[in-house]
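The values are calculated or read from the model by the stated rules, or taken from the named source; none is laboratory data. All figures in this text were calculated on a predicted structure; none of them were measured in a lab. Heads up, the Cβs are rebuilt from the backbone with ideal geometry, glycines too, and the neighbour counts pull from every protein chain shown.
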Amino acid sequence: GDIIDRGVVLTGGGSLLKGMDTRFREETNLPIITVDDPLTSVVLGVGKILDELDLLAKVSVMSQANTYR
């Protein structure tokens, strides 16, 4: 639901590759948005998560335990 309704948000340095947003848009037929400052957005997001670890625990999805032994 969310991706189809709201699109995909590109962040990080890879989102600055020429034509990346266009390619994703053509391949997926979804709205593609590149954030204003992709180089720092990931770091700022991780900082917010570290400030609210209890919230992260509430929204995290646990993978199957011991999948990669």
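Things worth noting here:
- Subset tally (residues that are among the β-branched types (V, I, T) and loosely packed, with under 10 Cβ neighbours inside 10 Å) for region 44-62: 2
- For region 15-47, a residue qualifies if it is over 24 Å from S60 (Cα atoms), in contact (Cβ under 8 Å) with a residue 12 or more places away in the chain, in a helix (DSSP H, G or I) and of a type outside the set (A, V, I, L, M, F, W, C), and the qualifying residues are S15, D21, T28.
- Residue that is modelled with the highest pLDDT, among those in region 48-69 that are among the β-branched types (V, I, T) and in a loop (DSSP other than H, G, I, E, B): V61
- Filtered residue count, region 18-40, keeping only those that are closer than 21 Å to D5 by Cα, acidic (D, E) and either surrounded by 14 or more Cβ atoms within 10 Å (Cβ to Cβ) or within 15 Å of the chain's Cα centre (by Cα) (or both): 2
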